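A short write-up of the structure that comes next.
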Amino acid sequence: MSQCRACPRLVAWREQVATEKRAAYADQTYWGRPVPGFGDPEPRILVVGLAPAAHGANRTGRVFTGDRSGDWLFSSLHRVGLAALPTSTHRDDGQRLDGARLVSAVRCAPPANKPTPAERDTCASWLDRELGLVLPHVEVVVTLGAFGWAAALAALERAGLDVPRPLPRFGHGVEVPLADAEGRIRTLLGCYHPSPHNTVRGRLTEAMTDEVLGRARALARMPG
């Protein structure tokens, strides 16, 4: 996956950013490639985000690491008992997720943090592969924002889960039970994306984030 060059616009942007860098990180070597998932290899909770940030995961090589959205998310994951540390700063910082895994619908940093639907669809095969590996363990899929919601719904349907029509609409705290062919239920759970656009304006608070991730933990029947 780290060598994928399927989306010319994303490849050009991720590599341009990795070369030009931000002044604050001028002495650092940027990852500048597709960013893999991170966390428990047998997660009960799968968190699906949008895409790597240009100077966040595109720099550090770890999803949701090195930017304000990631700071917000990992802090909440720690508070609800899913992350070993309250921060995630680089790949060798000792961070660990217990029972949870983070993935992005699009694995390369997009210009203006806005991947296109075509780029989402091109990247879907990577989400499908990772979902196929972890789905036997997953009880809850938390999506961060409407883009992740749509990508997760499509991936879960391709994985054989029964997705209702019309498609369920994204909303913060919305829960949708999805059954597989054997009748096993996984829950799709919506959460506003922890972007500064949402957190600075108060659309998403720490309490709201903790409530969704805590609910995911309860639905996954995790102790503690």
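Taken together, the values in this text are just the output of simple stated rules run on the coordinates, not laboratory data. Here the structure is a predicted model, which is why all the values come from computation and not from measurement. We place every Cβ from the backbone using ideal geometry, glycine too, and count neighbours over all the protein chains shown.
Centroid-to-centroid, using Cα positions, region 149-185 and region 1-42 are 30 Å apart. Couplings for region 184-192, taken from phi via the Karplus curve 6.51 cos²θ - 1.76 cosθ + 1.60 with θ = phi - 60°, read 6, 9, 10, 10, 8, 10, x, 9, 4 Hz in order; Gly and Pro are left as x. Comparing Leu219, Ala26, Leu144 along the charge dipole axis of the chain, the residue lying farthest to the positive side is Ala26, per the Cβ-charge model. The modelled label-to-label distance for the pair Ala26/Asp180, using points 7 Å beyond Cα in the direction of Cβ, is 5.2 nm.
Mean separation of Cα pairs under 8 Å and 6+ residues apart, divided by the residue count of the chain: what relative contact order is that in percent? Provide the component values of the computation, followed by the final result.
Numbers: 437 pairs, mean separation 47.5, N = 224.
Once normalised by length, the contact order is 21 percent.
Largest GNM mean-square fluctuation across Val141, Val11, Val200, computed for the chain with C-alpha springs under 10 Å, falls on Val200. Distances between placed amide hydrogens fall under 5 Å for Val142 paired with Leu46, Val47, Val48, Leu189, all partners being 5 or more residues away or on another chain. Between amide H atoms placed 1.01 Å from N, distances below 5 Å from Ala83 occur with His78, Asp98, all of them 5 or more places distant or on a separate chain.
Order the peptides 154-161, 212-219, 67-74, 175-182 from the highest to the lowest mean number of other Cβ atoms within 10 Å of their residues. Write out the running numbers ahead of the final one.
On the way: 154-161: 17.9, 212-219: 19.9, 67-74: 21.5, 175-182: 13.5.
In decreasing order of mean packing, 154-161, 212-219, 67-74, 175-182 become 67-74, 212-219, 154-161, 175-182.
Given region 8-219, what percent of its DSSP beta bridges are antiparallel, to the nearest 5? Before the final figure, lay out each step's value.
Working: 9 of 23 bridges.
Taking every DSSP beta bridge with both residues in region 8-219, the antiparallel ones total about 40 percent.
Subtracting the Cα-Cα distance of Cys4 and Glu206 from 0.36 nm times their residue separation leaves 69.2 nm of extension gain.
For region 1-23, the residues whose backbone nitrogen is under 14 Å from a point 7 Å from the Cα of Leu133, taken along Cα to Cβ, are 1-3. Computed over the chain, the per-residue total of -39500 (n - 2.57) for DSSP H runs of n ≥ 4 gives a 222 nm mean residue ellipticity of -11000 deg cm²/dmol, rounded to 500. Phi-derived couplings, Karplus 6.51 cos²θ - 1.76 cosθ + 1.60 at θ = phi - 60°, listed residue by residue for region 23-32: 3, 5, 10, 4, 8, 9, 8, 6, 5, x Hz, with x used for Gly and Pro. For the chain, modelled as a GNM whose springs connect Cα atoms under 10 angstrom apart, the maximal fluctuation among Pro166, Pro196, Pro115 occurs at Pro166.
With just the Cα atoms defining each centre, how far is region 96-112 from region 45-79? Give it in Å. Taking the Cα centre of region 45-79 as reference, the centre of region 96-112 is 7 Å away. Full extension of the chain between Asp121 and His90 gives 8.3 nm of extra length, using 0.36 nm per residue less the Cα-Cα distance. Provide, in order from the shortest bin, the percent of all Cα-Cα pairs of the chain in each 10 Å bin, continuing until the bin that contains the maximum pair distance. Here the calculated profile for the chain is 8, 36, 38, 16, 2, 0. For the options Arg91, Arg44, Arg203, a Gaussian network treatment of the chain with springs between C-alpha atoms closer than 10 Å singles out Arg203 as fluctuating the most.
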